[in-house]
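The values are calculated or read from the model by the stated rules, or taken from the named source; none is laboratory data. Nothing here was measured: the structure is a model prediction, and the numbers come from that model. When we count neighbours, we look across all protein chains shown, and the Cβ atoms used for this are built from the backbone with ideal geometry, even at glycine.
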Amino acid sequence: MRKVVLTLSLVTMMFLAPNTIAASEPGVDVNPESNEPFSIIERDTPSVDNEKWSLTIEMSQDAYDNGTTFEIVTQICTNDGVCDPPEIMNADIEDRIHSISLTPPSDHTYVNWRVKALDSDGNKTNYPHGDWFKTWSTCYYSEGSWGGSDSDGDGCAEKSEDVPGFTLVYSIMALSAAFALITRRQYQEK
């Protein structure tokens, strides 16, 4: 019985090892390797809260010639450690080109994505194997600290353009000041 438990433990560790090795460094996107049956043509990086994120990949000629089809699956994770369930995207497909887009919510950490390839024999293969490709956001919380271009070290910095009417207030103030100067000059000339 002891050998069975030891053998099962070793087998389990072997299957978990690739997932552990594939873990990414916070803030560093995880990208496809050159041996994948596709390549990135265009991708928005970093991803931005409440702004459209787009990905366009090109299937290799060999995969296309073999009748392979792709599904692109995404998953969004937030700074509180919760990830949405994986979602199969409706890709725009033109020959070998597959394009998707989505809008991440406020306070998201990253956009996970993967490609499921289905060959003409019915075999399915996930790319990457085990983990996800990853596009980090402009403000993320990972491993106990904040990072990204929109992080202030204690969270996500507020953007002035997100405040409704912020530029309108300054525009009205500038116009009022200009009007006051013109009126004053006209008054002094009389």
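A few notes on this one:
- Residues in region 142-153 that are buried (at least 18 other Cβ atoms within 10 Å of the Cβ) and part of a loop (DSSP other than H, G, I, E, B): GLY148, ASP150.
- In region 82-102, residue surrounded by the fewest Cβ atoms within 10 Å (Cβ to Cβ) [restricted to those that are more than 19 Å from GLU42 (Cβ to Cβ) and either in contact (Cβ under 8 Å) with a residue 60 or more places away in the chain or charged (D, E, K, R) (or both)]: GLU87
- Test: residue in region 120-141 that is modelled with pLDDT of 90 or more, farther than 17 Å from PHE70 by Cα, exposed (fewer than 10 other Cβ atoms within 10 Å of the Cβ) and not acidic (Asp, Glu): no
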